[in-house]
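J.: I'd like to ask some things about the structure below.
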Ligand SMILES: [Zn+2]
């Protein structure tokens, strides 16, 4: 039995690659650096629950790599030039930049509330020159062609491996950007550069005024910041085709080598109460709305409660369950904090203590085995649940210092990936603790004075305001003590 001697270094990380359609041993191209690029939002509407799942999973994956000793360079692009943005601006009689500003702000706000840490958010509109250079090289090498109207297309026939990522090898069966069929060499060619129509934003280029197509931006920005090989490239599974297939054709043609991406990682779709999320059904869940009912931390727990490749259903019951789990985590950390002050150091461990210690330690093996095997956060959460059960069932009634300390350390380690208990583990510097104590003493004295003058309403409102901030007052006669619960 692994038991207490579980060695993390013996557990190698494996992850499913959508290209090979199998779980592979994870080895980054540079030994200690994981270069990750995730396709980000097109900022024409509010960030929704489906986006939330994708970004939370990749953030948790980044945190897991960090925990395992890797540095991660994590890039999420922002698509701030696109047909959808232009259409929304036109239909609302606004400037396209005001649409971009509004929804970029919303996205940034959501990301920060969900405790997602991204190293860089490159925007298309700041990379037009690089995009033009990249397209010029593709034209020069005959992978792309210019039409009379000033559009530039990628010639899919020049890239024989096309379709092997998404499995759509039989390209005669489909076409893209159908409004331009008459000027394309093949119906399946796709645009790299789009000539400007009247009223659209444009930039000057060797092919006339226009703007980049959607796919080219990711090839260009990823290579600008991560070089010619990316370790992990991903997004929602709806991006497999045509977006990722097209990115791959562009980049591998440009660099003349393969593979451009070592591991393609795709997150399953999110349905809403059993239905596909769509504008026509009117069931799109904007996270800014959903946050009013469920904390961002609860959303994180919800997203991580299922394996990332499975389709997930958003419903009140599912969020309710995630909420219960989150409350349990908060309860556990509070119990452990309280116990760590009370628990006495013991000089020996009896058989029962040893068995409990083994159970506590075994949750760590389960946690890491689950995550290292295709990032199974669902299984990892059940290991975390086991730890909370031990705390509620045993430690609470038998607070041995070694056990309490170990359980606390493990919960802190698990939270590196979960990212929902950060504030409970933040260490407050000693001098700040003194300042906080002094301030509370001042407040309690003022409140005592109010009570002596029978101004009970004011005294009560002080109590409830402090309670909201995690400080519980306990009155005994006119004297008051407090506990900081947070
Ligand atoms: Zn992309």
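The values are calculated or read from the model by the stated rules, or taken from the named source; none is laboratory data. All values reported here derive from a predicted model rather than from experimental measurement. Cβ coordinates were reconstructed from backbone atoms using ideal geometry, including for glycine residues, and neighbour counts include every protein chain displayed.
J.: Pick out, from the stretch 1-114, the helices (runs of 4 or more DSSP H) lying fully within it that include 3 or more residues that are modelled with pLDDT of 95 or more, within 16 Å of the ligand (Cβ to nearest atom) and surrounded by 20 or more Cβ atoms within 10 Å (Cβ to Cβ).
T.: In the stretch 1-114, 49-67 are the helices (runs of 4 or more DSSP H) which contain 3 or more residues that are modelled with pLDDT of 95 or more, within 16 Å of the ligand (Cβ to nearest atom) and surrounded by 20 or more Cβ atoms within 10 Å (Cβ to Cβ).
J.: Same structure, new question: Please go through the stretch 203-215 and give me each residue that is touching a residue at least 40 places away in the same chain (Cβ under 8 Å), more than 16 Å from the ligand (Cβ to nearest atom) and in a loop (DSSP other than H, G, I, E, B), ordered by number.
T.: 205, 206, 207, 208, 209
J.: If you don't mind, another one. I'm trying to understand the selection: among the residues of the stretch 174-195, which are part of a loop (DSSP other than H, G, I, E, B), away from the ligand (no atom under 16 Å from the Cβ) and under 35 Å from the mean Cα position of the chain (by Cα)?
T.: Once the filter is applied, which keeps residues that are part of a loop (DSSP other than H, G, I, E, B), away from the ligand (no atom under 16 Å from the Cβ) and under 35 Å from the mean Cα position of the chain (by Cα), the stretch 174-195 yields 174, 175, 177, 188, 189.
J.: If you take the residues in the stretch 245-259 that are surrounded by 22 or more Cβ atoms within 10 Å (Cβ to Cβ) and closer than 20 Å to residue 75 by Cα, which one is nearest to the ligand (Cβ to nearest atom)?
T.: Among those that are surrounded by 22 or more Cβ atoms within 10 Å (Cβ to Cβ) and closer than 20 Å to residue 75 by Cα, it is 247.
J.: Restricting attention to the stretch 216-244, which residues are within 10 Å of the ligand (Cβ to nearest atom) and either closer than 18 Å to residue 167 by Cβ or out of contact with any strand residue (DSSP E or B) (no Cβ under 9 Å at 6 or more places or on another chain) (or both)? Show your work before the answer.
T.: We begin by selecting, within the stretch 216-244, every residue within 10 Å of the ligand (Cβ to nearest atom); these are 216-219, 221-222, 233-235, 239, 243-244.
Residues satisfying the conditions are 219, 233, 234, 235, 239, 243, 244.
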